[in-house]
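Report on the structure given below.
The values are calculated or read from the model by the stated rules, or taken from the named source; none is laboratory data. Fair warning: this is a prediction, and the values are worked out from it, not measured in the lab. Here the Cβ is made from the backbone with ideal geometry for all residues, glycine too, and neighbour counts use every protein chain on show. Keep in mind that these areas ignore ligands, DNA and RNA; they rest on the heavy atoms of the full protein, side chains included. Shrake-Rupley method; radii C 1.70, N 1.55, O 1.52, S 1.80 Å.
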Amino acid sequence: MLDNVYPVQEVHGLARRKRRDYETKTVSQLLAEQSLAEGWSIQQKRKKSVRLQRKKPHHELLEDRVWSLLYRLGFTHMSGDGGGILLIGPDAPEHGAKTQIDVVGIDDEIAVAVECKSSEKPAKRPQFKEELGKHALIREKFSQAINSQFPGPSKRQVVLAMFLSNTILSDNDRTMAAEAKVLLFDEQDLAYYEELARHLGPAAKYQLLSDMLPEKAVPGLKIRVPAVRTKMGGHYCYTVSVSPEYLLKISYVSHRSKGKASDVNTYQRMVSKSRLNRIKEYISREGIFPTNIVLNLEKKRVAFERIHQETDLPKDQGLLGWLEMHPAYKSAWVIDGQHRLFAYSGHPKATKSLLSILAFEGLPPSKQAELFIDINSKQKAVRRSLLQELYAELHWDAKEPQVRVRAIISKAIQELDADPESPLYQRIQKADESRDPTRCITLTSIYSAIEKTGFYIVKEKGDQVLEFGPLWAGDNEATLERTVYVLNNWFLVIRESASDWWEKGSAPGGGLAMNDGVATCINVLRSVFQHLDSKGQKLIHLDKGDLSSCIKPYAEALGKHLASLSELDRQRFRDLRAAQGLMVRTRRCQAGIRSIIPSFNPPGLDEFLEQEKAQTNVKAKEVIDRIEKTLQGTVLNELKEEFGSNESEWWILGVPKQVRLDVTERFEKDDGKRGSKEYYFDLIDYKKIAVQNWELFEPLLAYGKKGNKEARLSWMVFVNEKRNIVAHSSSAMSLSFDDLSKLEGYETWLSGQIGGGEDMSEAVGKQDISQDQDEHADVSENQLA
């Protein structure tokens, strides 16, 4: 027996409450303070009472969302508040054992029993096996109760489902659910069906039923209609006319926005509500559609009976006959015309109108996607990113390994984005998605980074592959699984090591979990593979777990290097752009790994470091020379202003005696070739002059606001030390980027001081980080065959 389930007309008030993401209650004003302390807030004050509200708990909100979804999809009976109550024991109803079902929905074709499980944050669920087993046990009793209490025109299909939010399941958990015939839906699935229901209304129910009952015959929908059979591209197709009401029940559209990354047969854009409304108005004005809706029908679901032909045409040029359809859920796929079809959802003309259909028979998914592209490219331009996204559908079964590799990459990227355990979860921006600080990695950029030689194919000659790479596993599915596993483990270590930087995405202070940052990490992984291969390790012979173990120390070293970067270093990392910037970032990360694993020696790294050392020292020397020139002019001019321009005045009164002796010695050794003694001061001499004339030089040359004379003039010591390094080209030493940054900071500060500006002493080692505009890796895109 099933209790607490009512006709939908009796739960309209409950539906209004469940639609809200908050709960309400009314209490007397005397009890309001206690409720406020428990997290409630005031919605409305009355004379003697207070109306309160608070956000629903996570588990309750999930249950209400699922209940509201089934309600909006037009189920005729729904569970009441608290869920359905099922008698599972043999005793009388008032004494027998009972179990609660979170959500029950019943209509003429199906009865659904749903359990909802959630966590506040993504986490594994140790009790899942027990919860699954308990839910699976109600199948027989639930079916018996449905058939006896809710008789319908035909026997209903019974579905047991679990909706999960922030729940991380293992492969074993999913296998157990499949064996128990309990369907699993996650947060992304729920959001997809909610959006579809907002766009389509009750017609979205058949999308849900198709996912719940694939291959199950749709009861009472067998039809026989006149048809003309022809052949296109080697496949039979039929031209028929059917009502929109009938077609809505049997059709299925697989949208790319749906959360099922494992479903390769996805090529349609999500329907546009505004476009649907425009078409609805057109239908209401007696508008007609002169073009066909294009479908694909499963071969086993159709039968064609030829009738007598007055004209004896070749069999592929048009045969008259009867087309008999035995539809099942998910057996009629819409290739083109979803908006024209779904505009009839809930429209009065859905039962009376006829739509012209071109129905292919047994068209493979790759051909469906190709046909979709061909049709839509003539009407609305198909973006390059969409073509890359569809590469898996177009070329999954290609004969050439090079083409299949690109299909695998396309599929792997979409799985990484859809996997809640992946560091790239919901961070990859696909064709129809808008960019935000988290979803800021374009599919195009990551596709291009992975597709380069080294991961799957190492050597090839023409169309022949001579040597496969470490991510190749023999066939498509195994290679896909290996790719996702290895990339996930590589990026997991990096994210955990530099989590604060990773989580910022493209927000201010970010730059790692973005196009260029992710492409850099992929390039470094490629060099790790090459390094291990050069040591004689045959990575292709390792299973995915052993391969991930081999690269883990390098991932940890890379993560440690990235985590050690200062804010300024991170901004410099982010500012490097285009192909040259990608190369520089990759080399610096390789150098970071080498500092921890000295044996790591990618080809070309030594040459890069030598060149960078020289370039850094050259830039530093230019900065130091400008600082020294500024100090020379400023210090000597101030001395002349203070003591007089005659050498007997400023030279004797303003310059310490030891400095005068040192300058004179240098002057005499050089025979005064540079001119006067003013040109023979060393940089550090200006510090000594400032110490002796503190009151004169403190406002100009004292850095910072705290400390004694030596501390506030120590910046000159730093500049002088770096000058001694860069002044000798034969030196084996090179300045770091931090050193160069500090020098540039001191130059900026000194310019502000000499120019009469405000104190800029806080500028050294820091910089204003402005929010950058959209970043896209400057990489070439692959031409899609």
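Of note:
- Look at the range 638-667: where a residue is closer than 16 Å to residue 680 by Cα, no partner that is open to solvent by 80 Å² or more (accessible area, probe 1.4 Å) and assigned to a loop (DSSP other than H, G, I, E, B) sits 6+ places away or on another chain with Cβ atoms under 6 Å.
- Residues that are closer than 28 Å to residue 326 by Cβ and either open to solvent by less than 10 Å² (accessible area, probe 1.4 Å) or not in a helix (DSSP H, G or I) (or both), drawn from the range 172-184: 181, 182, 183
- Residues in the range 148-185 that are out of contact with any strand residue (DSSP E or B) (no Cβ under 8 Å at 6 or more places or on another chain) and over 17 Å from residue 138 (Cα atoms): 151, 152, 153, 154, 155, 171, 172, 173, 175.
- Selection status of residue 408, farther than 16 Å from residue 491 by Cβ and of a type in the set (Val, Ile, Thr): yes
- Residue match in the range 399-416 (condition: assigned to a loop (DSSP other than H, G, I, E, B) and open to solvent by 10 Å² or more (accessible area, probe 1.4 Å)): yes
- Residues in the range 698-722 that are open to solvent by 60 Å² or more (accessible area, probe 1.4 Å) and under 28 Å from residue 617 (Cβ atoms): 710, 721.
- Residues that are buried (at least 19 other Cβ atoms within 10 Å of the Cβ) and of a type in the set (A, V, I, L, M, F, W, C), drawn from the range 458-495: 468, 471, 472, 473, 480, 484, 486, 487, 490, 491, 493, 494
- Considering residues of the range 39-56 that are assigned to a loop (DSSP other than H, G, I, E, B) and surrounded by 13 or more Cβ atoms within 10 Å (Cβ to Cβ) only, the residue nearest to the chain's Cα centre (by Cα): 56
- Which listed residue is in contact (Cβ under 8 Å) with a residue 60 or more places away in the chain and in a loop (DSSP other than H, G, I, E, B), from 505, 536, 559: 505
- Qualifying positions in the range 664-696 - of a type in the set (A, V, I, L, M, F, W, C), under 24 Å from residue 749 (Cα atoms) and more than 55 Å from the chain's Cα centre (by Cα): 681, 689, 690, 691, 694, 696
- Test: residue in the range 256-271 that is within 30 Å of residue 389 (Cα to Cα), modelled with pLDDT of 85 or more and outside any strand (DSSP E or B): no
- Of all the listed residues (216, 205), the sole one being of a type in the set (D, E, K, R), touching a strand residue (DSSP E or B) at 6+ places or on another chain (Cβ under 7 Å) and at pLDDT below 90 is 216.
- Flag for residue 598 being farther than 20 Å from residue 720 by Cβ, open to solvent by less than 50 Å² (accessible area, probe 1.4 Å) and in a loop (DSSP other than H, G, I, E, B): no
- Of the residues examined, residue 419 is not one that is in contact with a Gly (Cβ under 9 Å, 6 or more places away or on another chain) and open to solvent by less than 60 Å² (accessible area, probe 1.4 Å).
- Restricting 525, 466, 487 to residues that are at negative phi and either among the small types (Gly, Ala, Ser) or not in a helix (DSSP H, G or I) (or both) narrows the list to 466.
- Residue that is nearest to residue 164 (Cα to Cα) [pool: residues in the range 48-83 that are hydrophobic (A, V, I, L, M, F, W, C) and in contact (Cβ under 8 Å) with a residue 60 or more places away in the chain]: 62
- For the range 8-31, a tally of residues being assigned to a helix (DSSP H, G or I), open to solvent by less than 60 Å² (accessible area, probe 1.4 Å) and modelled with pLDDT of 90 or more returns 4.
- Subset of the range 1-33 [within 12 Å of residue 71 (Cβ to Cβ), in contact with a Ser or Thr (Cβ under 6 Å, 6 or more places away or on another chain) and aliphatic (A, V, I, L, M)]: 8
- Residues satisfying the stated conditions in the range 496-517, i.e. in contact with a helix residue (DSSP H, G or I) (Cβ under 6 Å, 6 or more places away or on another chain), buried (at least 20 other Cβ atoms within 10 Å of the Cβ) and within 18 Å of residue 554 (Cβ to Cβ): 498, 502, 512
- Of all the listed residues (120, 115, 60), the sole one being at pLDDT below 90 and not aliphatic (A, V, I, L, M) is 120.
- For the condition part of a helix (DSSP H, G or I), more than 19 Å from residue 201 (Cα to Cα), touching a residue at least 60 places away in the same chain (Cβ under 8 Å) and touching a strand residue (DSSP E or B) at 6+ places or on another chain (Cβ under 9 Å), residue 36 does not qualify.
- Among the conditions (1) open to solvent by less than 60 Å² (accessible area, probe 1.4 Å); (2) modelled with pLDDT under 80; (3) more than 20 Å from residue 325 (Cα to Cα), the only one that residue 221 does not satisfy is (3).
- Residue check, residue 105 open to solvent by less than 20 Å² (accessible area, probe 1.4 Å), at pLDDT below 90 and either farther than 25 Å from residue 171 by Cα or not in a strand (DSSP E or B) (or both): no
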